[in-house]
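Only one structure is covered here, and it is reproduced in the block below.
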Amino acid sequence: AVLNGPNLNLLGTREPEVYGRTTLAELEQQVRDEAGRLGVTLSWYQTNHEGAFVDAIQGLRGQAEGALVNAAAFTHTSLAIRDAMLAVRVPFVEVHLSNIFAREAERRHSRLADLAVGIVAGFGPQGYLLGLQGLVTKLRG
Ligand code: DQA
């Protein structure tokens, strides 16, 4: 499962100097293509709402073997999303298009990172592909 948080629906036009010009639909297609190459079934979700994100995480239980999570700004703020990941215990890779550790101080901390199998940040859309490859390799381990 791939879960995308707030404002990622605006990819392509949103701060292109930070996030690039690839739209969310194009990113989804790239990740679906990679999932096909890897032989895994993929579900894709984006929401701007914290509660909906929590619901989506809860819905992973028994449904997904692993997840790519770009919680966007919720990464830095949301205990509810951390608690949801702790509750479902689905292995996940934290993904960010930008290198959050090279940005403003408030973005340099993640409330999810210590729960993640790994983190990919700073590679733009390619980071989702790298994250998926890493996650699948780990799960097939
Ligand atoms: C982001 C980084 C976050 O700090 C930011 O709030 C986002 C996107 C990224 O993919 O680089 O919305 O998660």
For region 31-59, what are the residues that are of a type in the set (Gly, Ala, Ser) and either assigned to a helix (DSSP H, G or I) or within 16 Å of the ligand (Cβ to nearest atom) (or both)?
Ala35, Gly36, Gly51, Ala52, Ala56
May I ask you to list the residues in region 60-83 that are more than 15 Å from the chain's Cα centre (by Cα) and in a loop (DSSP other than H, G, I, E, B)?
Arg61, Gly62, Gln63
Lone unmet requirement of (1) under 21 Å from Tyr19 (Cβ atoms); (2) open to solvent by 50 Å² or more (accessible area, probe 1.4 Å); (3) in contact (Cβ under 8 Å) with a residue 60 or more places away in the chain for Asn70:
(2)
Of those in region 60-98 that are over 15 Å from His109 (Cβ atoms) and among the β-branched types (Val, Ile, Thr), the residue nearest to the ligand (Cβ to nearest atom) is Val95
Those residues of region 98-123 which are of a type in the set (A, V, I, L, M), part of a helix (DSSP H, G or I) and open to solvent by 60 Å² or more (accessible area, probe 1.4 Å) amount to Ala102, Ala105
Residues in region 79-94: is at least one touching a strand residue (DSSP E or B) at 6+ places or on another chain (Cβ under 8 Å) and open to solvent by 40 Å² or more (accessible area, probe 1.4 Å)?
yes
Looking at Pro6, Pro16, can you tell me which residue is over 13 Å from the mean Cα position of the chain (by Cα) and over 18 Å from Leu135 (Cβ atoms)?
Pro16
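The values are calculated or read from the model by the stated rules, or taken from the named source; none is laboratory data. Everything numeric in this text was worked out from a predicted model, so none of it was measured. Neighbour counts run over all protein chains shown; Cβ positions are idealised from the backbone, glycine included. Keep in mind that these areas ignore ligands, DNA and RNA; they rest on the heavy atoms of the full protein, side chains included. Shrake-Rupley method; radii C 1.70, N 1.55, O 1.52, S 1.80 Å.
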